[in-house]
Structure formats: structure tokens, C-alpha cells
Amino acid sequence: MSTRQRPRRPVLRAVGALVALAGLGALAIGGPALWTRAMAHDRNLTASQAPARDVAIIFGAEMYPSGRPSPYLKARLDLGVRLYQEGKAKVLMVSGDNAPEHHRESTNMKRYLVAQGVPAERVVEDEHGYDTYDTCVRARDVFGVTEALLVSQRYHLHRAVATCRAVGVDAVGVGDVSVKRTSKRWDEFAQRELGANLKMVWDLTTRRTPNLEGDPEAVSAALGR
């Protein structure tokens with residue numbers, strides 16, 4: 001007769017609960033990630049592949065206190081300059097937090113673009129683009145943008161494209177990968193997207209209303225309409 005004891009039912013229940021929780025956790029993280037990839041499928045392109053659009057939205061990133069863009073932001077801005085010079089975008093919208101504590105992000109983004117030869121009248125500032133969701137909703141509700149190129153690092157574009165499409169902006173992403181060669185934090189930032197996807201789902205589900213201040217004629221004026 002065997003002396004092995006059968007596992008007690010409370011232990012089995014605990015193991016079952018842990019397995020269930022693990023499954024829910026995987027679904028909570030994996031579900032939004034899969035949806036995001038599906039929404040952005042075939043919409044993450046290089047600059048040479050990008051279609052021509054009236055507006056390219058450049059998402060903000062770290063701006064140094066001196067007003068100089070960080071390498072990640074500089075790469076986005078340089079990509080925006082290329083899109084403008086190649087006729088892929090008529091207007092560049094720079095979206096970020098323009099508060100002093102964020103070093104006048106959108107103003108300094110515009111200053112950089114103008115220094116690179118983009119006419120000032122072709123750059124529109126979105127001073128309240130506090131995050132990706134805010135930028136997409138404000139593009140639609142404040143500036144009347146219904147289609148756009150989105151400019152950011154490639155790992156961010158899946159979420160950016162998915163968010164903009166979900167709120168009604170026909171978006172195509174143009175992604176930078178140049179920083180990956182010199183940055184030690186690329187993989188870290190890419191992993192953060194898993195958590196950011198959860199926030200995206202929450203924002204889209206609750207239809208959070210961002211700050212809607214801004215000039216509704218700014219894009220039309222920049223396009224000469």
C-alpha cells in the first residue's frame with residue numbers, strides 16, 4: 001500500500017487560483033498588445049514607403065533644460081524634416097507638453113524644425129499633447145485632422161497608430177530605428193509599451209476627455225486654406 005498522501009483540496013484550489021490569475025494576467029497584457037498590432041498591421045512604414053498626407057504629427061519626448069532635444073526626440077524631428085522635404089507632409093504638427101517644467105517641449109520642437117529649414121508657418125504647435133491618447137484626440141477635436149502620418153520611434157508606433165485609428169484619425173506610422181544603435185534603453189522603452197497598452201485601453205474605453213484648448217484654425221492656416 002502506498003504511503004504517498006494525496007494533495008489536500010485547499011492546496012489544489014490555491015494552485016488552481018494561481019493558474020487562473022496567471023492566465024488573466026497574460027490575457028490582460030497580451031490582449032491589448034495583440035489588438036494594437038492588429039490595428040497597426042501594414043501601417044508601420046519607412047519614410048520612403050509613406051504615402052503623402054497633409055499633416056505629419058511628431059510625438060514629443062524628452063527635451064533637455066537647454067532646449068535641445070534628446071537623441072530620441074531629435075531622431076523624430078529629423079524624420080519629420082525628411083518627410084517635409086520629400087513632399088510627404090505639407091504641415092508638421094509638434095505635440096508635447098509645453099509647460100515650463102517640461103522645458104517648453106512643443107516650442108523647442110518647432111524651433112528645431114525651423115532651424116533645419118522648415119518654414120515656421122508650416123509648423124503647428126500642439127501644446128497640450130501630454131500623452132499619445134491626448135495627441136490623437138486633440139488632433140481630431142481641436143485641429144480637425146482626419147488623416148495623418150505619425151512620427152515616433154518604431155516601438156511606439158503600434159500604439160500610436162492604434163490609438164489614432166480608434167478615435168477616428170486615419171493614421172500611418174513612420175518609425176525611427178536609428179537610435180537603437182546607440183541607446184542602451186531601447187529595449188527598456190519597448191518593454192514599457194506592454195503597460196502603456198493597458199492605459200490605452202482604459203482611455204479608449206472611458207473616452208477620457210483631454211485638454212481641448214488650442215486654435216482650431218491652425219492647421220487650415222498652415223495649409224493655406
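Here are a few things to note about the model shown:
- Test result for Val118, among the hydrophobic types (A, V, I, L, M, F, W, C) and touching a residue at least 40 places away in the same chain (Cβ under 8 Å): no
- Residue match in region 162-180 (condition: of a type outside the set (A, V, I, L, M), under 21 Å from Asn108 (Cβ atoms) and within 14 Å of the chain's Cα centre (by Cα)): yes
- Region 47-74, residues that are outside any helix (DSSP H, G or I) and closer than 14 Å to Thr107 by Cα: Ile58, Phe59, Gly60, Ala61, Glu62, Met63, Tyr64, Pro65, Ser66, Gly67, Arg68, Pro69
- Number of the condition not met by Lys110 [criteria: (1) in contact (Cβ under 8 Å) with a residue 24 or more places away in the chain; (2) charged (D, E, K, R); (3) open to solvent by less than 60 Å² (accessible area, probe 1.4 Å)]: (1)
- Which numbered condition Arg192 misses (of (1) under 22 Å from Pro51 (Cα atoms); (2) outside any loop (DSSP other than H, G, I, E, B)): (1)
- The set of residues in region 77-107 being without any contact (Cβ under 8 Å) to a residue 40 or more places away in the chain and not in a helix (DSSP H, G or I) consists of Glu86, Gly87, Leu92, Val94, Gly96, Asp97, Asn98, Ala99.
- Where Asn197 falls short, out of the listed (1) part of a helix (DSSP H, G or I); (2) at pLDDT below 95; (3) out of contact with any Lys or Arg (no Cβ under 7 Å at 6 or more places or on another chain): (3)
- Residue in region 215-225 that is open to solvent by 50 Å² or more (accessible area, probe 1.4 Å) and not in a loop (DSSP other than H, G, I, E, B) present: yes
- Considering residues of region 83-107 that are over 19 Å from the mean Cα position of the chain (by Cα) and under 19 Å from Asp176 (Cα atoms) only, the residue surrounded by the most Cβ atoms within 10 Å (Cβ to Cβ): Tyr84
- Test for Glu188: is it open to solvent by less than 60 Å² (accessible area, probe 1.4 Å) and out of contact with any Gly (no Cβ under 7 Å at 6 or more places or on another chain): no
- Which listed residue, of Asp134, Asp203, is open to solvent by less than 10 Å² (accessible area, probe 1.4 Å), assigned to a helix (DSSP H, G or I) and over 23 Å from Val91 (Cβ atoms): Asp203
- Residue match in region 165-177 (condition: touching a strand residue (DSSP E or B) at 6+ places or on another chain (Cβ under 6 Å), closer than 21 Å to Arg82 by Cα, assigned to a helix (DSSP H, G or I) and not hydrophobic (A, V, I, L, M, F, W, C)): no
- Considering (1) of a type outside the set (A, V, I, L, M, F, W, C); (2) touching a Leu at 6+ places or on another chain (Cβ under 9 Å); (3) surrounded by fewer than 16 Cβ atoms within 10 Å (Cβ to Cβ); (4) modelled with pLDDT of 95 or more, the lone condition that Arg68 does not fulfil carries the number (2).
- Top-ranked residue of region 151-175 - restricted to ones that are among the hydrophobic types (A, V, I, L, M, F, W, C) and under 17 Å from Leu73 (Cα atoms), ranked as surrounded by the most Cβ atoms within 10 Å (Cβ to Cβ): Val151
The values are calculated or read from the model by the stated rules, or taken from the named source; none is laboratory data. Just so it is clear, the model here is predicted, and its values are computed rather than measured. With ideal geometry, Cβ positions are generated from the backbone for all residues, glycine too; neighbour counts draw on all protein chains shown. Side chains are part of the model used for accessible areas, which takes the heavy atoms of the whole protein and leaves out ligands, DNA and RNA. Shrake-Rupley method; radii C 1.70, N 1.55, O 1.52, S 1.80 Å.
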